[in-house]
Each structure stands twice: as C-alpha cells, then as structure tokens.
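First comes the structure, then the notes that go with it.
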Amino acid sequence: MEGHQRNLYLYDRFNARVTGVSVDDVTTLKYWGKDLDLTFPLLSNVTGFLGDSFGVVPSSEIKGYPVFSRRTVIIDKMGIIRYAKDGSPDFKEILLFLKKLNQEGGK
Amino acid sequence: MMRTRQISILCGLLVFGWLFWGCATPEKKTPLKHGAPGMAVFDDEFEFSNPPPGWMLVQVESGGEFGFGFMKVDPGPFPSQSMFVYDEEPFGCATQFEGREKEFFKRYLWSTAMVLDMKIIERKKVQVVGGEGLAVIAEGKDPVKKEKVRTKIVFGKRGERVVSWYLTQWRSLDGTYDNAAFDVFDKFWGSFGYLKKSFYETL
C-alpha cells in the first residue's frame, strides 16, 4: 500500500484512482491507514463478496481466518477488468499498463 | 597391448574434454564495473566512489528493502559489522524530507526483531546528487540482546521521488563504533551520480 501511496502523483497523471480492499473491519483499516499515512480510500469488505467478484479466493495459507489472496486489479472506465495479477504488486508493470491505458484514449 | 593404449588415450581425451568443459562454464557477470579513476559503476546506472578493499557488494535480486550496497564484517564479537546501501524506495511516502524521516523510522530495522529505542543524534541539511538533502544520525540500543546500532541516513531526491542512502553499524552493547566506515559511506553518497534517467522519470 505504501508503494501505491508513493505512486499517487503518477496515477493522477494517468487518470487512475487507487482503492484498497480488505476483509478487515473499518476500525482496523482506519488505524492501519493512518499509521502508513495513506490518503486513498480503503474499503472494508468483511463478508468478502468483492473477493468473489474479482476472483480473489480465500488464502489457503491461514486456515480458519477469512483473508483474501493478494491481487491487483485494474478496471477501466467501462467497468471492464483489464489487468489482474496475484502476489505483491509489480508497481513498474502497473504504471506502464496505466500509461498505455491512458494513451488508448483516457480509458 | 595396442588396444589398452588406445583405451588409455581415449580416456585421457575424455578427461581433458571434461576439464575443458568445466573451465568454459560462463561466469556470472557482476553488475559492478570500474568507472572513472577511483569510481565504480553499478548496473550501468549508478556511479560512486569505489569503496576500499574489504567491502563486499550486496544486492537484492528482487522485492527487497534496498537496491544495492556494501558490507564488511568488523573485528569484535557478534554482531560487529557495517553495511551501507542505496535505496530507491525508502520506507514512507512523504515527498518532504522531514515527513519522510518520521515515516522512515517507524519501520526502519523492524526486521531485526529488536527493541531499538532509536535516538536522533544529529540532523542537518546536506547537498546530495546536485540537490538539497537531509542527513540524520541515530543510535539504537537493545538492552535485552545487548546489541546496539549506529546509523546514518541521507535523504535526497531523484526526479520527483525521495531516495536514500544509509549505513548501519552493529556492535555489542560495550563495543566501540568505527568512524572510518562512516567516512567511506560519506564518500559513497557524496560522490553518487546517475548515468541515466530513472524508470519513473521516463514515464
């Protein structure tokens, strides 16, 4: 998330906005975001339905605790998922993709 | 007799070929090269004063906490060692040095799992890579593990982004610090230069 915060000025340049989604509750996210000085929205999705929408299956690493697998998803203005990748975000790849998407006509 | 001799020659050739093949195995290329006199170049991108002998190159293949740097094991009991690095993504997000310093120290050396009550010893403005920077010297002690660390961090700018150089010197609680390592580090960041634009500057 810190990496996304560092790249906010570049996301602005490419007409992109970033949002974090987690199954943590609102209070936890509020303090976590404050501790990391995050200024973009963090969505609390305790029931995990957004995870189903974006194909983020519950992690098998931690049994009995509802956590999402880590996934980066880029959605265009039409609501179409244009990029999805599991694991830690590849920030350079994300930025190049957003640049390309922006050049395609502000999608 | 003739047959034995032929087999011996054949075996000799095979051994020679095996040895020759072993010698011909390509060596892994180091990203560290000589630059101008007294200077080194890393990855064809970063130029800096070449550290004296005894400092070993350290680098993170991917996804690490820093880019590259140098370390040496110092005389004395564990954990006597010094390491300095260049880091393109220092902890935190603030684009102002003072704000970044506060964010940085929230997570700095957290992976050591030590109780380090870091105290700032010195903070001053410096010139680095042709622009204004901030240098901070701090010291932390862990009374449980009986270890301590002195560190110097220099924040600078590469394009719009904050970058950093930092040195950590670990000692046992009753050990003495080696100022010579700090001098080598000062030459490292003081001579640092970029040979090409960063990824972010080309976007």
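The values are calculated or read from the model by the stated rules, or taken from the named source; none is laboratory data. Computed from a predicted model, the values in this text were never measured in an experiment. Here the Cβ positions follow ideal geometry from the backbone for every residue, glycine too, while neighbour counts run over all protein chains shown.
With the requirement that a residue be part of a loop (DSSP other than H, G, I, E, B), crowded, with 16+ Cβ neighbours inside 10 Å and either touching a Lys or Arg at 6+ places or on another chain (Cβ under 9 Å) or more than 12 Å from every other protein chain (Cβ to nearest Cβ) (or both), what does the range A:2-23 give you?
Listed by number, the residues that qualify are A:PHE14, A:ALA16, A:VAL18, A:VAL23.
Only residues that are at pLDDT below 90, loosely packed, with under 14 Cβ neighbours inside 10 Å and of a type outside the set (Phe, Trp, Tyr) were counted in the range A:24-65, giving 13.
Condition check ((1) farther than 26 Å from B:PRO52 by Cα; (2) within 14 Å of chain A (Cβ to nearest Cβ)) across all residues:
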| residue | (1), (2) |
| --- | --- |
| B:LYS141 | yes, no |
| B:LYS146 | yes, no |
| B:LYS152 | no, no |
| B:ARG161 | yes, yes |
| B:THR168 | no, no |
| B:TYR177 | no, no |
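Listed conditions (1) assigned to a loop (DSSP other than H, G, I, E, B); (2) modelled with pLDDT under 95 are all met by B:TYR177, apart from (2).
Given the structure, is B:ASP183 of a type outside the set (Lys, Arg) and modelled with pLDDT of 95 or more? Don't jump to the end; show me each part of the working.
On the way: of a type outside the set (Lys, Arg): yes; modelled with pLDDT of 95 or more: yes.
For B:ASP183, the condition - of a type outside the set (Lys, Arg) and modelled with pLDDT of 95 or more - is met.
A single entry from B:GLU61, B:GLU45, B:GLU88, B:GLU27 fulfils the requirement of being at pLDDT 60 or above and exposed (fewer than 11 other Cβ atoms within 10 Å of the Cβ): B:GLU61. I need the full set of residues from the range B:156-174 which are within 30 Å of A:LEU8 (Cβ to Cβ) and among the small types (Gly, Ala, Ser), in order please. B:GLY156, B:GLY159, B:SER164, listed by residue number. Taking the criterion of being assigned to a loop (DSSP other than H, G, I, E, B) and more than 9 Å from chain B (Cβ to nearest Cβ), the residues of the range A:24-36 that qualify are A:ASP24, A:ASP25. All told, B:VAL85 meets the bar of being touching a Gly at 6+ places or on another chain (Cβ under 9 Å) and away from chain A (no Cβ under 14 Å).
Quick check on B:MET114: is it hydrophobic (A, V, I, L, M, F, W, C) and crowded, with 19+ Cβ neighbours inside 10 Å?
Working: hydrophobic (A, V, I, L, M, F, W, C): yes; crowded, with 19+ Cβ neighbours inside 10 Å: no.
Taking the combined requirement at face value, the residue does not satisfy it.
With respect to the conditions (1) hydroxyl-bearing (Ser, Thr, Tyr); (2) assigned to a strand (DSSP E or B); (3) under 20 Å from B:PHE46 (Cβ atoms), B:THR151 lacks only one, and its number is (3).
So, of the residues in the range B:175-203 that are of a type in the set (A, V, I, L, M) and surrounded by 13 or more Cβ atoms within 10 Å (Cβ to Cβ), which turns out to be farthest from A:PHE14 (Cα to Cα)? Quick ask: steps written out before the conclusion?
The initial filter retains those residues of the range B:175-203 that are of a type in the set (A, V, I, L, M), namely B:180-181, B:184, B:195, B:203.
Right, trim to surrounded by 13 or more Cβ atoms within 10 Å (Cβ to Cβ) and you get B:181, B:184, B:203.
Details: B:ALA181: 43, B:VAL184: 41, B:LEU203: 10 Å.
Among those that are of a type in the set (A, V, I, L, M) and surrounded by 13 or more Cβ atoms within 10 Å (Cβ to Cβ), it is B:ALA181.
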